[in-house]
Amino acid sequence: LVCGPYRVPFLLNKPGSGQRVTGELYAVSPRGLSRLDELEGTSRGHYVRQPIRLLKEEGGDDLETEHALSCVVEAYYAHKSYEEELWERNRRRSFGAYTEKEARGYVKRNDRPQHLSFLDHIRIFVSSPCD
């Protein structure tokens with residue numbers, strides 16, 4: 001999990017890198033999932049919906065225990081077209097939860113420049129110097 005432009009969180013699919021993340025899980029209807037895909041821009045190259053393995057929080061260090069308490073759901077990840085650049089822009093550092101600390105500086109969608117596309121915002125962010 002890293003921050004992108006305007007402190008928006010992005011989940012990256014980089015096995016072996018980063019850390020486990022905590023978040024929220026929702027059950028949605030097929031119609032609701034279709035609406036979420038539209039919101040997340042899956043057909044426009046913004047995000048991709050892929051499987052993610054969940055582990056119950058009280059799962060122990062024992063792999064057998066973790067396996068018994070795990071299940072696979074889906075999450076929205078940064079699109080492959082900019083994922084690596086986003087990882088590099090964050091100095092290959094991630095965080096485990098999008099907390100108030102990580103969200104500090106978040107800019108609401110309506111307060112962002114409206115003449116740029118989502119992918120324009122990403123390109124500008126990944127090409128700008130790190131803080």
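Being over 13 Å from the mean Cα position of the chain (by Cα), at pLDDT below 90 and either over 17 Å from Arg7 (Cβ atoms) or of a type in the set (Asp, Glu) (or both) is the requirement here; does Asp131 meet it?
So Asp131 fits the description; yes.
Filtered by the rule that a residue be under 18 Å from Lys80 (Cβ atoms) and among the aromatic types (Phe, Trp, Tyr), the stretch 92-131 gives Phe118, Phe125. The set of residues in the stretch 3-21 being exposed (fewer than 14 other Cβ atoms within 10 Å of the Cβ) and closer than 22 Å to Cys71 by Cα consists of Pro15, Gly16, Ser17, Gln19, Arg20.
Quick one: in the stretch 1-52, of everything that is in contact with an Asp or Glu (Cβ under 8 Å, 6 or more places away or on another chain) and among the charged types (D, E, K, R), which residue is nearest to Arg104 (Cα to Cα)? Once the filter is applied, the top-ranked residue is Arg7.
The single condition among (1) outside any loop (DSSP other than H, G, I, E, B); (2) under 14 Å from the mean Cα position of the chain (by Cα); (3) at pLDDT below 95; (4) more than 23 Å from Ser128 (Cα to Cα) that Thr22 does not meet is (1).
Scanning the stretch 95-131 for residues that are touching a residue at least 60 places away in the same chain (Cβ under 8 Å), open to solvent by less than 100 Å² (accessible area, probe 1.4 Å) and farther than 22 Å from Gly45 by Cα yields a total of 7. Residues in the stretch 68-94 that are of a type in the set (Gly, Ala, Ser) and in a strand (DSSP E or B) were compared, and the one that is surrounded by the most Cβ atoms within 10 Å (Cβ to Cβ) is Ala78.
The values are calculated or read from the model by the stated rules, or taken from the named source; none is laboratory data. It should be emphasised that the depicted structure is a prediction, and the values quoted were computed from it without experimental measurement. All Cβ positions, glycine included, derive from the backbone under ideal geometry; neighbour counts span all protein chains shown. Heavy atoms of the whole protein, side chains included, go into the accessibility calculation; ligands, DNA and RNA do not. Shrake-Rupley method; radii C 1.70, N 1.55, O 1.52, S 1.80 Å.
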